[in-house]
1. Select from the range B:225-234 the residues that are in a loop (DSSP other than H, G, I, E, B) and modelled with pLDDT of 80 or more and list them in ascending order.
2. Only one of these conditions is not met by residue B:196: (1) farther than 25 Å from residue A:88 by Cβ; (2) buried (at least 19 other Cβ atoms within 10 Å of the Cβ). Which number is it?
3. Answer yes if at least one residue in the range B:453-460 is more than 24 Å from the chain's Cα centre (by Cα), within 11 Å of chain A (Cβ to nearest Cβ) and crowded, with 21+ Cβ neighbours inside 10 Å, and no otherwise.
4. Run down B:221, B:244 and say which single residue is modelled with pLDDT of 80 or more, within 14 Å of chain A (Cβ to nearest Cβ) and surrounded by fewer than 24 Cβ atoms within 10 Å (Cβ to Cβ).
5. Out of all the residues in the range B:104-122, is one or more assigned to a helix (DSSP H, G or I), under 27 Å from residue B:347 (Cα atoms) and either within 14 Å of chain A (Cβ to nearest Cβ) or in contact with a helix residue (DSSP H, G or I) (Cβ under 9 Å, 6 or more places away or on another chain) (or both)?
6. Considering only residues of the range B:428-443 that are assigned to a helix (DSSP H, G or I) and surrounded by fewer than 23 Cβ atoms within 10 Å (Cβ to Cβ), which is nearest to the other protein chains (Cβ to nearest Cβ)?
7. Yes or no: the range B:480-492 includes at least one residue that is over 26 Å from the mean Cα position of the chain (by Cα), touching a residue at least 40 places away in the same chain (Cβ under 8 Å) and either over 18 Å from residue B:149 (Cα atoms) or surrounded by fewer than 23 Cβ atoms within 10 Å (Cβ to Cβ) (or both).
8. Please find, within the range A:57-85, the residue that is farthest from the other protein chains (Cβ to nearest Cβ) out of those that are surrounded by 17 or more Cβ atoms within 10 Å (Cβ to Cβ), over 21 Å from residue B:425 (Cβ atoms) and modelled with pLDDT of 85 or more.
């Protein structure tokens, strides 16, 4: 129950910030009668309404009680998930400086070793095939310019 | 405008070798996507989009549609052999399908799922073709007010029908609309909510958000829940076919499932998962021996599997004829159309009949290929389950990275995609549905434009949204879908129960 109230509060705060932001949208006194502010104001109001509705729903459910009312809650992020998120940030930071193939290869090796500990050889083969294969597919066949990085590939 | 020559011409397009090749590739990838846990049709199509960027639009659309309905075939496999649905829409199949497999009838369960999917798919394509003409001629009369009302209804319906809580559905929908306002205003050209970042002036690319909330979020969930349980498939014994008695029991369920699924699929908001639940409940209610359900009743496999396939084809109806998708996955297919500069809808049937009917008729071919390849290759597809998630999950992240970067070679897009991966993960944990957000983001721009155009026509009088019968019907339906659950708490309780029932399975 508490989690849902937090969701409502965060949504409400976001809606208010968004509505305040709507007032800094520059308007031109030409064209349509509504202008660029009207639709965002409607959306902000709707979001605020939904947040209020969630509070009502939560309180109603609390009053009704009952054992079947399992409430949503966010379990704490596991170690592997935190490490993965860290690896993603490292990947994005390294992406342009050291190039596509090397950064993705390192990323794949690291994560497969973390998540598939028992089979290191398979991990290496899969990572190499994927990194070079996707480079080949996108860069050579599809003509997407991927970052080349330090070593020219 | 006579439709028949166009339909026949569509067959000519659909059986060209190049079309056959892409249908084949599409449905094959769809099967794989369906079998693999943690990657659904929405994520699969979103990840594929960047690869198809340089392709001929026709071939790409044929392929992407193939992924979509092909996934419905694949989803049944893990439900039956592993009791682990590959897709939400195959959850109902697991109940009786797995029981059948444990009793040595895995072959029959797989066969009925494939045959039912084929019959349902084919019936729904016929129904789609029949409905195309009346719906497009209706849509040609639509003004901005009617279009706004239609999109508004699609959004309220999906917000009200997905998930346990109306409020959470609405929050998701409004957040999607909010995201759609970021960027330059289409009419006046003034920047809105760009926070001074130049790259945000073009708005937030829908495909990047879709990769984030569907693919990346699913990977996060997989990593969080990963445990090294050994997966043991039920062995398939005997021929992959039905006995006469099983066929007699299954065939009415296939027919009913096809029609239930198609209708649910056409209506916005509900989709394949709800269609399969409705079919299962209907079969159990109509059965003379309801106690067989849950113990390996073949109707419990035939009905839902037919229904989810019919629903996926049915969902193409509003997308193609009206240009307005009613679900998260068809929203991504709309994004694919837009990426190629094609606007689906009534005008497309007039201007590019070859493309529309080629796409529609390619679905007959795709269903035929799925039926022909599914059963003989079932052992091969089943082996995909042994693919270690420890490799699969990082691989999906790598594919997402290159795909997102390929859309506009910008690092900001990567941050947005992974950021939305986190958002999608949190939404899942908080049981906030994602489909409303995705649909709202893809529709938000046109919704605002038709809203403002309608208000310009009426010089600011909102009565215009109630000025034609079509508009009134749609607006009333939209308002009812939000207000009824609030006014009648009984509906809300019922929905929570259904949601709990289906999530407990």
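The values are calculated or read from the model by the stated rules, or taken from the named source; none is laboratory data. Everything quoted here is computed from the prediction, not taken from an experiment. Positions of Cβ are backbone-derived with ideal geometry, glycine not excepted, and every protein chain shown enters the neighbour counts.
1. Narrowing the range B:225-234 to residues in a loop (DSSP other than H, G, I, E, B): B:226-234.
Hit for the range B:225-234 is B:234, nothing else.
2. Evaluating residue B:196 over (1) farther than 25 Å from residue A:88 by Cβ; (2) buried (at least 19 other Cβ atoms within 10 Å of the Cβ) leaves (2) as the failure.
3. Looking through the range B:453-460, at least one residue is more than 24 Å from the chain's Cα centre (by Cα), within 11 Å of chain A (Cβ to nearest Cβ) and crowded, with 21+ Cβ neighbours inside 10 Å.
4. That would be B:221, the only listed residue that is modelled with pLDDT of 80 or more, within 14 Å of chain A (Cβ to nearest Cβ) and surrounded by fewer than 24 Cβ atoms within 10 Å (Cβ to Cβ).
5. Yes, the range B:104-122 has at least one match.
6. Here is the first cut: in the range B:428-443, the residues assigned to a helix (DSSP H, G or I) are B:428-429, B:435-443.
Among the residues that remain, those that are also surrounded by fewer than 23 Cβ atoms within 10 Å (Cβ to Cβ) are: B:428-429.
Details: B:428: 9, B:429: 4 Å.
Only one residue fits best here, namely B:429.
7. yes
8. This residue is A:58.
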